[in-house]
Each structure stands twice: as structure tokens, then as C-alpha cells.
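Visitor: Sharing a structure, written as C-alpha cells. Questions coming.
The values are calculated or read from the model by the stated rules, or taken from the named source; none is laboratory data. Please read these numbers as outputs of a predicted model, since none were measured by experiment. Cβ atoms come from the backbone with ideal geometry, glycine included; neighbour counts cover every protein chain shown.
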């Protein structure tokens, strides 16, 4: 989609492959529906939700947010390097994205194991069902994204990506920023939202 | 089909119909494409509305509650399920029309068009058999122990929900091939292709249904029901719309290349 | 280092700062729950918007697409806060 207007030096465009934005848009709408559904269940169970919320490790959650923000930053810089044909900068920036993705996965795994060790499972109560479901689906998104970033990192060694060949990395980057922004909402929703 | 004469020069060949490998029965092709929306309309109305599956009766219900549900709704469920059992076949017919459009992109020997057709056809099986279980439950509830009715209820849901990967294969095949379309204006646009990927992705979490009876992942929950079913419900008519148009475009391409019946 | 001159770096620093505010600032008991929650979710909406505009590059996207995406954080924050205020205090 390219629209050229008189005032702009460069035309308006969506990065990457057009279709990936349908996927991103759909994912955003689906998660919005899930947030609404979570709040509906919370309306019916405020005491349970608050008590369970307090058992979550908000420090870990906050650190997870910083990890994903840093990951997005690294990937955004990688795409910028591609636009400027700075091919030798690309691998380490993409690797930065992948490694921080792995750090998030490790952190979440630790958090889940801690819960299981305390006998807490998705079946324990509606809050924990939502906690495991929302963070679990998000975690699947992170695993997929980290795998894609790893693939891009390997391909970048061979100088595959430059200003003329960046549709795939831009698409992956856009997806990765989606993953980051979903966590930006999920973390306060589950960990920080105090009861009245 | 071999003759001694060179087929290009024999008098019979010049007015011979060039039928292979292109289907020239464009009318049947479009009728089959219509089978998709017809299936959806029948399934939505009969299974969804009449038999009260939008949303489904709670997985958390006790055997007595399930039996009471089937006794109370006996006639609507019997009508809805018997019509669905029959109409499920339209999904198979629809999948053939899609496969033939896919073959125009990957060639008549293409693999993905066959996967699509198989996936679409086998999808009928869990739909038909699950409807048969629920039809039986409604038909027989008055004679059955509540635990047996409960079992039939769950058998239907476990089957219809967990056999999703045949449909996933169908959807993936469609998206993969239509992404490879080299036409300037693709036969099926990006939005529909990527909606297919959204639908594909939405099915996986449904695997949780045996393990939960409440919450978003239960078979009546926001994720396993509302999102998983409605992404698929939206995929069917949106793809169908572009398949109809594709048949017309292909017919025009065939005419321009001199490949139609005289 | 030239990275410091990039817009994305400044956006990242801002997002990190806002994360620290919500996680370790507003969560403290000296803020009432209403102030903490409203403040947090307004910040969430701002963070999401910056990720969309500067990381996802929607600043340069066709206007209708950009507006549709920008509507998301606004709607999501509004819905969440609406439900929060409608949720009764615990007995």
C-alpha cells in the first residue's frame, strides 16, 4: 500500500508483507476480547482475583517487561541497519533480539515452576486459569518469535538482508513488536491491578 | 489418446475440445464454490441456533443436567443434528472447487491442492459423527441413564473439537498456495490468506478441552469456542467470495489463451 | 555511539522509565488504588502507542491504518478501567 501525498517526502507504507498486518490486527482484537473476558470474570470474583494476584511476582514481571522492551529495541535497530545497508551490524542486533527472547522464556519458566511447586495450577481458581492461559498463549507467541529471530540471525550472516531485501525481517520485526506490546498490557492487568 | 497422425495437424484435432488439464465446466465449478456458504448457513442455523450450540451447553454440567437438557430440547436438537449430518457433505464439495483453483497456480499435479481437498473432505467426518452422537443422545435420552447421555455429549465435543488438524491442513494448504500466486492482482487477496493463518493458529489451544470444564479454554469458553469457531466461520465465506471471482477470472484467462470449448 | 542519536533509542529509554514508574512507583501503597490503576493504565496506553508508532513504524503508515491501530490502546485502556470501576469492593 503506497500513498503519495504532496506534503510528504516519502510515501506512506506498512513495513514488511501486507498480510502480516492482518495477522497483527486480528491478534490485537483477539487479545482485546480476552482482556474484556478476564475483567468480566474478575467482576464476579474480586476477592479471589485480588488474593491470587498478590501471589504473583511483580518484580519478575517488571523485569520481563524490560527484557521485551530491550528486545524490541534491538530488533528495531536491526531493521534500521538493513535500511542503511549496514550489513555487518545486523547479526548482533538480531542475536540481541533472540537472546532477550530466550531470557523471557527462561524467566517465565522459572515463574511457572515456582507456582507448580506451591501446588498452584491453572485449575486452582479462575484467576490462575486466566494467568496461565494469558501468559501461556503469550509465551507461545514469544517462542515462535524467538525462533523466527534466530532464523533471521543465521540468514543475516550471509548478508541476505539489505535495503532492497527486507520484507521478511520487517514482517518478523512487526510481529515481535506486537509480542512486546501485548506484554505491556498483560503485565499490569495480571500483576499490578489492585482491587478497589 | 494416441493416434498415428500428428495430433496438431489432424483435422479432428483442430475442432477437438481441449479439456485436459483444465476443467471447462465453469458453471459446476461455481456451484461447488457455493457449497461453502450453503454449508455454513446450514451449520450455523441448525447446529448453532436451533440446537443451541452458540454457545454450547456447559461442559461443567452434571450427567442429570445434561440429560435434562437433551430431554427438554429433544425435537430442536433432532431436527438440527439430522440436517447437519446431511449438510456436512457440502463442505467436501466446496473443498473440490478450491482445489481446482489451487491447481491453476501450482499445476495439476500439485501436492497442496490434494492436501486441501483431503483436509476439506475429512473435516466432514468429525462434524457428521459428532452430530450423530448428539442426535442419538436426543433421540434416546428418555431411555438412557444420565451418565450415558453425559458420555454421548462429551464424545461429540471431544471429537468435533480435537480433530481440528484435518481442517488446519486444509487451511494451511490454501494459504500456502494462494501466497504463491504470481498474478499482479492475486486470485485470493493477502487479507484472506492471512486470516487463514489466524484461524490455523486459533485452533491449537482447543486441545485443552479435555482438561478444563470452566473458563476460557473450556469447550464453551471464549477461546476454545468463540474465537476458534468464529475465525473458521469467517474464513469460509470470505474465501468463497474470492473463489467465485477466481472462476470468472480463470474463464477469461482461458478464453484469452484459446483454451475453451468452441 | 551513534545508537544514542536514534529515535528508537530515545523511545526505548522512555518506555523503560515508564515501566519503572508503573512497576516500582505507582504500585507503592502511598497511592490509592484508583490513582495507581488509572495512572498505570494511562501509562500503558501511552507505551503501547509509542511501540506502535516508533517500533512498528506506524507513524509512516497509511493514515487510516495508523488510526485504526492507535484506537486499540485507547479502547483497551477505557474498557479495562470501566470494568475496574464497576467492580465492587471486596466484602
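Visitor: Given the condition assigned to a helix (DSSP H, G or I), surrounded by fewer than 16 Cβ atoms within 10 Å (Cβ to Cβ), more than 17 Å from the chain's Cα centre (by Cα) and more than 7 Å from chain A (Cβ to nearest Cβ), answer yes or no: does some residue in segment C:73-87 qualify?
Guide: yes
Visitor: While we're here: Of all residues in segment B:194-215, which are more than 7 Å from chain A (Cβ to nearest Cβ) and on the phi > 0 side of the Ramachandran plot?
Guide: Matches in segment B:194-215: none.
Yes or no, residue by residue, for (1) in a helix (DSSP H, G or I); (2) farther than 26 Å from residue B:145 by Cα; (3) at pLDDT below 95:
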position: B:49; (1), (2), (3): yes, yes, no
position: B:55; (1), (2), (3): no, no, no
position: B:79; (1), (2), (3): yes, no, no
position: B:92; (1), (2), (3): yes, yes, no
position: B:98; (1), (2), (3): yes, yes, no
position: B:109; (1), (2), (3): no, yes, yes
position: B:112; (1), (2), (3): yes, yes, no
position: B:118; (1), (2), (3): yes, yes, no
position: B:121; (1), (2), (3): yes, yes, no
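Visitor: Being more than 16 Å from the chain's Cα centre (by Cα) and buried (at least 18 other Cβ atoms within 10 Å of the Cβ) is the filter here, so list the residues in segment B:155-175 that pass it.
Guide: B:156, B:157
Visitor: Another question, then. Of all residues in segment A:140-176, which are closer than 14 Å to residue A:104 by Cβ, touching a helix residue (DSSP H, G or I) at 6+ places or on another chain (Cβ under 6 Å) and within 12 Å of another protein chain (Cβ to nearest Cβ)?
Guide: Within segment A:140-176, A:141, A:176 meet the criteria.
Visitor: Suppose the filter is facing chain A (nearest Cβ under 10 Å), in contact with a helix residue (DSSP H, G or I) (Cβ under 7 Å, 6 or more places away or on another chain) and surrounded by fewer than 22 Cβ atoms within 10 Å (Cβ to Cβ); does residue B:218 pass it?
Guide: no
Visitor: Let me spell it out: the conditions are (1) more than 25 Å from residue B:177 (Cα to Cα); (2) surrounded by fewer than 18 Cβ atoms within 10 Å (Cβ to Cβ); (3) under 14 Å from the mean Cα position of the chain (by Cα), and residue B:118 meets all of them except one. Which number is the exception?
Guide: (1)
Visitor: With respect to residue C:8, determine if the residue is closer than 15 Å to residue A:188 by Cβ and part of a helix (DSSP H, G or I).
Guide: For residue C:8, the condition - closer than 15 Å to residue A:188 by Cβ and part of a helix (DSSP H, G or I) - is not met.
Visitor: Further question on the same structure: Could you please let me know if residue C:13 is out of contact with any helix residue (DSSP H, G or I) (no Cβ under 7 Å at 6 or more places or on another chain), at pLDDT 95 or above and more than 7 Å from chain A (Cβ to nearest Cβ)?
Guide: Judged against the criteria, residue C:13 is a match.
Visitor: I've got another one for you. Where residues in segment A:52-66 are facing another protein chain (nearest Cβ under 9 Å) and touching a residue at least 24 places away in the same chain (Cβ under 8 Å), which of them is surrounded by the fewest Cβ atoms within 10 Å (Cβ to Cβ)?
Guide: A:63
Visitor: Out of everything in segment A:22-49 that is within 17 Å of the chain's Cα centre (by Cα) and more than 7 Å from every other protein chain (Cβ to nearest Cβ), what residue ends up being surrounded by the most Cβ atoms within 10 Å (Cβ to Cβ)?
Guide: This residue is A:24.
Visitor: While we're here: Residue A:173 - would you say it is crowded, with 17+ Cβ neighbours inside 10 Å, more than 20 Å from residue A:55 (Cα to Cα) and touching a residue at least 24 places away in the same chain (Cβ under 8 Å)?
Guide: Here the answer is yes, as residue A:173 does meet what is asked.
Visitor: How about segment B:161-262: which helices (runs of 4 or more DSSP H) wholly inside it have at least 1 residues that are touching a residue at least 60 places away in the same chain (Cβ under 8 Å) and out of contact with any strand residue (DSSP E or B) (no Cβ under 6 Å at 6 or more places or on another chain)?
Guide: Passing ranges, in order: B:165-179, B:228-256.
Visitor: Then there's this: Answer yes if at least one residue in segment A:108-122 is part of a helix (DSSP H, G or I), more than 14 Å from chain B (Cβ to nearest Cβ), farther than 30 Å from residue A:16 by Cα and touching a helix residue (DSSP H, G or I) at 6+ places or on another chain (Cβ under 7 Å), and no otherwise.
Guide: Within segment A:108-122 (the criterion being part of a helix (DSSP H, G or I), more than 14 Å from chain B (Cβ to nearest Cβ), farther than 30 Å from residue A:16 by Cα and touching a helix residue (DSSP H, G or I) at 6+ places or on another chain (Cβ under 7 Å)), the answer is yes, since at least one residue qualifies.
Visitor: Determine whether segment A:77-97 contains at least one residue that is part of a helix (DSSP H, G or I), at the interface with chain C (Cβ under 9 Å from one of its Cβ atoms) and crowded, with 21+ Cβ neighbours inside 10 Å.
Guide: Yes, segment A:77-97 contains a residue that is part of a helix (DSSP H, G or I), at the interface with chain C (Cβ under 9 Å from one of its Cβ atoms) and crowded, with 21+ Cβ neighbours inside 10 Å.
Visitor: Could you tell me whether residue C:36 is within 7 Å of another protein chain (Cβ to nearest Cβ) and touching a strand residue (DSSP E or B) at 6+ places or on another chain (Cβ under 8 Å)?
Guide: No.
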